[in-house]
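Accompanying notes for the structure given below.
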Amino acid sequence: MGNPRFLFDEDVDPALAEFLELRGYRVDLMIKLKPGAADTVVLETAEILGAVLVTKNSKHFKKLSPRDDSKKGRRYRHAGTIFMGCHEDIALVRFKEALDMLCAELERTKDFADPRLLAEIRKDAVRIMR
């Protein structure tokens with residue numbers, strides 16, 4: 001599969017994006033692509049890029065792209081989302097700790113009917129929502 005691509009929402013510390021770029025990951029920033037874009041545009045951009053969205057805005061994005069959306073048909077088939085649910089002062093450390101596990105999950109599920117990575121990184125836990 002290779003390294004996944006990441007799209008960073010405007011609400012996430014750019015240090016996380018820099019960390020990934022230094023390790024050879026492809027990173028896009030909404031602040032550079034489409035500043036001030038609505039949440040639907042952010043998710044559509046992630047879908048077009050085939051990227052995993054990294055955001056703090058779990059309230060809106062969980063509603064826009066739920067795992068179980070069989071009643072209305074899955075609109076987003078490729079855009080995964082990592083919700084950063086921890087304070088900025090520990091976000092980079094927690095992201096570094098979780099990265100290998102998140103990439104392994106992407107590789108493990110690449111052939112699933114719904115391969116999207118939906119994960120939450122918190123102060124005390126990393127949760128993959130399967």
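Around Met30, what is the net charge, scoring Lys/Arg as +1 and Asp/Glu as -1 over all other residues with Cβ under 13 Å from its Cβ?
Result for the local shell: -3.
Of the residues Met84, Met101, Met30, which exhibits the maximal mean-square fluctuation in a Gaussian network model of the chain defined by a 10 Å Cα contact cut-off?
Answer for the Gaussian network model of the chain: Met101.
Once Rh for the stretch 5-128 is found with the Kirkwood sum over Cα pairs, what is the Stokes-Einstein diffusion coefficient at 10 °C and 1.306 mPa s, in µm²/s?
Answer, rounded: 109 µm²/s.
Can you sort Thr109, Thr40 so the residue with the fewest Cβ neighbours within 10 Å comes first?
Ranking Thr109, Thr40 by Cβ neighbours within 10 Å, fewest first, gives Thr40, Thr109.
Per DSSP H run of n ≥ 4, the term is -39500 (n - 2.57); total these for the chain, divide by its residue number, and report the mean residue ellipticity at 222 nm rounded to 500 deg cm²/dmol.
After summing the helix terms and dividing by residue count, I get -12000 deg cm²/dmol.
Working out 0.36 nm times the residue gap between Thr40 and Arg127, then minus their Cα-Cα distance, what length gain in nm do you get to one decimal?
My answer for the length gained is 29.0 nm.
Residues with amide H under 5 Å of Val54's amide H, sequence separation 5 or more or different chain, H placed in the peptide plane at 1.01 Å from N; which?
Leu7, Phe8, Asp9, Ile82
Using the Cα centre of the chain as the reference point, and only Cβ charges (+1 on K/R, -1 on D/E), how large is the resulting charge dipole? Debye, rounded to the nearest 20.
560
With contacts defined as alpha carbon pairs under 8 Å and 6 or more residues apart, what's the relative contact order of the chain in percent?
24
May I ask what percent, to the nearest 5, of DSSP beta bridges between residues of the stretch 5-128 are antiparallel?
Taking every DSSP beta bridge with both residues in the stretch 5-128, the antiparallel ones total about 15 percent.
Tell me which DSSP H helices of the chain clear both cut-offs, 24 Å or more of axial length from alpha-carbon atoms and a mean Kyte-Doolittle hydropathy of at least 0.0.
The answer, listed by residue number, is 88-108.
Computed from the coordinates by the stated procedures, all read-outs in this text should not be read as laboratory data. Because the structure is a prediction, the values reported are computed rather than measured. With ideal geometry, Cβ positions are generated from the backbone for all residues, glycine too; neighbour counts draw on all protein chains shown.
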